[in-house]
Every structure is written in C-alpha cells, then in structure tokens.
1. Give, ordered by residue number, each residue of the stretch A:143-158 whose 1.4 Å probe accessible area is reduced by a minimum of 20 Å² on adding the remaining protein chains to the chain alone.
2. Less than 12 Å Cβ to Cβ from A:Gln319, Lys/Arg counted +1 and Asp/Glu -1: what total charge do the surrounding residues give?
3. Per 20 Å bin, what is the whole-percent P(r) computed from every C-alpha pair distance within the protein assembly as shown?
4. For chain B, take the longest principal axis of its alpha carbons; what is the angle in degrees between that and the long axis of helix B:121-156, to the nearest 10 within 0 to 90?
5. If a paramagnetic tag sat 7 Å from the Cα of A:Leu321 along the Cα-Cβ line, which residues of the stretch A:230-250 would have the backbone N under 11 Å from that point?
6. Along the Cα→Cβ direction, 7 angstrom out, place labels at B:Val84 and B:Ala340. What is the inter-label distance in nm?
7. B:Cys106 accessible area, nearest 10 Å², 1.4 Å probe?
8. If Lys and Arg each add +1 and Asp and Glu each add -1, what is the summed charge of the other residues whose beta carbon sits under 13 Å from the beta carbon of A:Pro103?
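The values are calculated or read from the model by the stated rules, or taken from the named source; none is laboratory data. What you see is a predicted model, and the numbers here were worked out from it, not measured in a lab. Methodologically, a virtual Cβ is constructed for each residue, glycine included, from the backbone with ideal geometry; neighbour enumeration extends over all protein chains shown. Ligands, DNA and RNA are stripped out before the accessible areas are found, and what is left, the full protein with its side chains, is counted by its heavy atoms. Shrake-Rupley method; radii C 1.70, N 1.55, O 1.52, S 1.80 Å.
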Amino acid sequence: MSTATSSFLSVRDLKVHFPTADGIVKATDGLSFDLEKGKTLGIVGESGSGKSVSSSAILGLHRGSSAQISGEILLDGVDLLQVSDEEMRRRRGLDVSMIFQDPLSAMHPYYTVGNQLMEAYRVHNNVSKKAARVRAIEMLERVGIPQPDRRVDDYPHQFSGGMRQRAMIAMGLINNPGLLIADEPTTALDVTVQAQILDLLQDLQREFDSAIIIITHDLGVVAEMADDVLVMYAGKAVEYGPTKDILVRPEMPYTWGLLSSVPDVAADTSSKLVPIPGNPPSLLNPPTGCAFHPRCPHVAKVPGDLCRTVQPDLVTGRQGLGHLKRCHLADPDTVYANEVLPEFDPVLADELADELTAADSNEKGLQ
Amino acid sequence: MLAYVIRRIFIGVIMLLVMSLVTFVLFFASPVDPAQFACGKNCSPELREQARKSLGYPPRNQGVWESNIKGPANMWADFTKGIVAGRDFPADKEMREAAPQNVVHCSAPCLGYSQYSVKTVNTMVSAAFPITFSIALAAVILWVLFGVLIGVLAAVTKGSFIDRGIVGLSLFAYAFPAFFIGTFLLRYVAIKWGLVSVPSYTPIASGGPAKWAFNLMLPAITLALLYMASYVRMTRAFVLESLTEDYVRTARAKGVSGRVVLFKHALRAALTPLVTMAGLDFASVLGGAIITESIFNFNGLGKLAVSANNNYDLPVMIGIVLMAGAFVILANIIVDILYAFIDPRVRVG
C-alpha cells in the first residue's frame, strides 16, 4: 500500500455520525483506504453497513445536513473535508462524480436525457447550449446508445433500464472526472445487461484513466471489476486487500459469510448456499467487542471472551502486507480451508488445502 | 392527443346534461310552488297560473306523473333545447301569440328567463360574471404566488423558527373564516383606519387596470387567505418530499448550485400537483365567492345566487348551478391537458 501523500485518493479515519433523538448513529466509523488513478476499489457489505454513506461523504453530499464528519479525504492532495461549500460544489461532477443504483429514479422525470447531460456539462464548462448538446450526443454515443442524436431528446422513461444506466454513466463521465463512484450500478438491471454495463465501465476507465469506487453487495461484480476490495461491517472496514487475496484466502468470518452466500450456477450439486445468520447490527448500539460476534459461528475458537469484549484492530493478515483484517481468530486460513470452504465449494476447498500444506512445508523447509 | 381532448369534451357535455337533469329534479322535489314565488305577494290563483304558464313550470297537484316527473322532464327538455337553439319567453305558446309585443327572445345558449327580475338569466349572469372572474383571478394569483413562495421558504428552513412561524401562521389563517377576515378588512382597514378606500368594483373599461386591481385588493385578500394557507402547507410538504428524491441527489452530485437544485429540480416536480389543485380551486371560486362578494357588496355570481335563492328565482339558480358545474368540468379537462405538458410521462398513451 502506498503512503497517503502519493495516492490519488486517500481516505483517513473517516467518520460520519448522525445525531438522532436516540443517540449518535455511527454510519461510518473510522474508515481508511487508498486508491490510485486507473484502479478500482470495490466496497462490499450488507445494506446498512455504511458503504453509501461513506461515498456520499467523499462527494460532500452530507453538507448542510446534521451529519458530523471527521477525518481526512485527500483527493490529489486536497482535503475535501476542509474546502468551502462553494469549492466542494465546483468539484462535484468535475473531479468526483457519482452514478446511482436506480437510474429511473436518479434521473429527473421532467427533463430530457440530453437536457440533464447538458446541465452536468454546462455547470462546469462555460459553453453554449449548442456545444453542450454536441458533447452530450458524443458521450451518449461513447456509452453505446444507438442513434444518440435522436435519443438525446428522449425522456428517461423512454429509455430501457440498461440504456438509462448508460446515460447515467455518460452523465457521470461527461466532465472526465478523476474519480467515479458507482453506487450499486448494476443492482437494478437484469443479469445480461449487468455484464454489459460492467464492461462499459472498464472500457471507459481505461480510456479516461479514472479511479473508480464501486459499491456493491455482489461479489461477482467485485471479482470482475475491482483491484482492491474493502469489506465493511457496521461502519468499519473488516477486511481490506487486493481482490485476489480477499476472494481466494479471506481471513475474516464475515467475508466468508458473504462468499458462501453467493449462488453459483456453474458449481456442482454438492455445493451449498450458506446464508449469514441474523441481521445487520444496529448502528445506534453496535455490539460490544467485535461487531460481528453475535452472528459469527467461530466465536468459540477464540480463547476467553475476546470477541465479546475487545474490538479487534485492523491488522496485517497472514498473507503479508496489503491484506488487512479485523478478527481475533489465530489461524483463519485453516478454519476457512477445513470448515468453511468445503461447505459451499468442495472443489476449491481441496485446492486450497493442497496449497496450504505446500506453503506449510515450504515454511518448514526454510526454517 | 386530439382524440383524447374530443373524448374528454364529449364526456364533459354528458356530465353537464346529467347535472342539469339532477338540478331540475331536485328543485321540483321541493314542496314549495315556484310559481307562487314568481307571482309575488299579491297573487290570485289566476295570476299564479299565468306565471306558471309563462315560465313553463309544470302543473301542480296533477298526480306524481304529471307534476313531478313528466312536467319537470318537459321543462328540462325545453331548457336543453334553449341552450342549443335559444328560445322565446313566455314559454307558453298561446301567451306568446296573445301578446307578441311582450315576447322576449333569449338567444343560445339560453339559460332561462327570470320573471322576478324581468330579464333573461343570460343578461344577469353576464353582468355578474366579470366581477366574480376579477375577484377570482386576483385571488388565485395572490394565493398561488404567495402560497408557493412561502411554502418553499418553509420547506428550505424546515425545523427553524421561520418554518414553525409560517406553519403556525398558516394554521391561524386557515382557522379564521372568510366572513371574519372580510369584515375585519372592510371595517378596520378600509373604514376605520382609512388605509384604502372602500372597495367597489370598477371595470377595466371605465377605470383602467390600476383602479380595477386596487379595488379588488381587499376582496381578493379575503378570498385568497384561506386558500393561501392550505397552499403554503401543501407546497411545503411537496417540496420536502421532492427534496428527498434520488434525482435531486443526482443534481447535487452534478455540482448544480443549491438554488438551481431547489427551483429547477425540486420545485419543478412539486408544482405538478399544485397546478392541478390551483386549476380546480380557481374553477370552484368562479362559481361565485358568496361570502366575499356579500361582505364587499360586489354584485358577482355569488351574490346573484344568494338573492336568487332568497327570491326562489328558479331559472337564475339553475343557470348559476349549471355555470359553476361547467367551470369545474372545463377546468378538469384543461388541467388534464395541461398535465401532459407538465409531465412528459403522461404524454404517451
């Protein structure tokens, strides 16, 4: 992992707290991550784990609300939490932009798609309507909308779901922002369209060299898109590292839960779909110790009452630098390979067990 | 679109016919003999029968079929014919032939003839309508303009003292009846304190637009205040609701300034239901602002309706009821067509 100063986006100890009549809701509680240009970070977690709140904070969308925000959000060296409201407004859509989950409700029903794209362009560029229209058509064409010079005058409800999301992406990228936040961009779409949208995002990322944060609860999307993965639970990062490490050798029981609850049509019939028991925790009164302990099936493997009493730190995992986890389990690899993985993917479990033994004998050999 | 408009107008005409029929039936279900009223106090049975004939009222005491069904039905048929083709009064053919010099022609759309005022209903209504229309127009401008502006102000300052003050005051205004506010404005603002002259209707043609508007001020405020209070609260609710919409968040995420987000994105969506309400409310006020007109002694449709009711002047009452109904039906059609222009999602289909 690079240091805070050299990364394009660097978030440090971000906290977003909402005071309510019942107490403080800690939607995001001490989140840190880095992202380089041209790279993609996947933020994964259940509903209510603080994914969207954190990304809205990067865009400064909580300004003017009662939210209490602390920490640092350094974009290209500028702390977005320190700039004035007007400065933040000028950066929105220009340096950072966002595409939302449901493009039907996220686009204004009373204005044409072209009008909304032109608005996004003209807010940040002092150009004529004509020039903005040319730019809007160009962007619609770029995201693969057929007959863009005609469709530009259509209203959002005249577009199909996939086309609307393409138009949203066109709107998000019309000012060529350095950072694009995609908040569950494929959730409202059907599966074939999902793949097209993800391909499009990857194409555009290569073309514009932008950094992308993709927020999702779909690990398939993460596997396809992300370079790094941040797993969030109850407003905190519980596992963070390169995508391959996280997906192949996860070290935190919550990540295991997410992986085992992904349906896999290609898997053989012996694999099972294992849901995570219980419900996401209340952010008002999070559980003591590790926030995941009430739902964690491996609490008994940790000596003493550690899971219930002490909040684990986010520390480097067994795979070395760059893979962080927040868990008391002493030997997560073995538990994962022997107990968790065989449940939902026996084939992969055998492979991983072999790999682990090989690694073990290697270590012994070195000693 | 054109087919839709034609269909709506067709349905509107049918609704008007049904409404007029119901009005006739209701009036003749009453035990009072309208001919007695039309004839006046010093009325002999002969004069009363003459009045009955001349107005075309159905005969009394001839059994339910003759007096209560066939008679009113014939009268309704004559009335409907008069709307389309115009008619002559007295309604009875023999009476017209006996005294041709007294025949009054009422051209289409003929709403009837008032024996009491010795005028056609059309004459009376066309004298009263501009007054009511002026008050209604001034009032609708006041209540929509200020209602929406103050409502938006309350929405953007939600929870603050300004918001609470506005909500409290609008409840206050809503609670006061028009006769209190109107009387207060007339007695104190105009008469006792002399801040403005006592309003009396001045047509634009005779006094110019400034004088016309100035005289309308107090009646329009009286009429508008009640509506304004409810428009403030509705606007506040609609704007607060649309501020939470995803597309408003999108607009903010684009870097659009707060003012543009509020007026171009949030208010634009909130205006749709308000336009509908304003259209229908305006139409219902056009049928006569009875209390306001009575207080300020403006001889509009409302006052005409009150005096027609007091005098049991049936043709005038039927004429006003039908006109008021026609305004509401027409406003419904206009609002529905307007909707297609406001909301692009309605345009297709």
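1. Those residues are A:Tyr155, A:His157.
2. Details: positive: A:Lys244, A:Arg249, A:Arg318, A:Lys325; negative: A:Glu239, A:Asp245, A:Glu251, A:Asp333, A:Glu355.
Cβ neighbours under 12 Å give a net charge of -1.
3. 14, 32, 25, 18, 10, 2, 0
4. Roughly 20 degrees between the two axes.
5. It comes to no residues whatsoever.
6. 2.7
7. Rounded to the nearest 10, the figure is 0 Å².
8. Once positives and negatives cancel, what remains is -1.
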